[in-house]
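So the structure is just underneath, and the comments pick up after that.
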Amino acid sequence: MPVASYDEIADWYEEHIGTRPDDPLEFGRVLRILLGPGEGTCLEIGCGTGMHAGRIRALGRTPVGAAHWPLPALLDMLTGAGLTPERFAEGGSPTPSLLGIRAVKA
């Protein structure tokens, strides 16, 4: 059975990136910029193991995740579901390595 590329690095990612209190990729900041406090469902595309679900819940949202898809396919699904990208934010300095997209039902 083929292994998704993320599966090969998931343990390393959780240990060295996901659990760091200094938030090197700025997930927390990006979520606050895009969502802010509120209610409703937040679809986290590329959620991996779901380690950021707690940050989404802390903003009052209900996290739902989708992972293991190439970015073009994920964007096609987003627009195919009738969602329109509304706002973008990036994290990770000095070279951005996180892209957040806020989309709304058209």
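The values are calculated or read from the model by the stated rules, or taken from the named source; none is laboratory data. Just so it is clear, the model here is predicted, and its values are computed rather than measured. Note that we place each Cβ from the backbone using ideal geometry, even for glycine, and neighbour counts take in every protein chain shown.
Descriptive notes on the structure:
- 3 or more residues closer than 14 Å to G28 by Cα and in contact with a helix residue (DSSP H, G or I) (Cβ under 9 Å, 6 or more places away or on another chain): qualifying strands (runs of 3 or more DSSP E) within region 46-106: 83-91, 98-105
- Across region 15-36, the qualifying residues are those that are loosely packed, with under 15 Cβ neighbours inside 10 Å, in a helix (DSSP H, G or I) and at pLDDT 75 or above, and the one among them that is farthest from the chain's Cα centre (by Cα) is E15.
- For G54: the one exception among (1) under 20 Å from A10 (Cα atoms); (2) surrounded by 17 or more Cβ atoms within 10 Å (Cβ to Cβ): (2)
- Residue count for region 71-103, restricted to those that are among the acidic types (D, E) and within 21 Å of G36 (Cα to Cα): 2
- Residue within region 34-51 that is within 29 Å of E8 (Cβ to Cβ), among the aliphatic types (A, V, I, L, M), free of Cβ contacts under 8 Å to residues at least 12 places away in the same chain and in contact with a Leu (Cβ under 9 Å, 6 or more places away or on another chain) present: no
- Options G65, G82, G60: the member that is free of Cβ contacts under 8 Å to residues at least 60 places away in the same chain, crowded, with 16+ Cβ neighbours inside 10 Å and not polar (S, T, N, Q): G65
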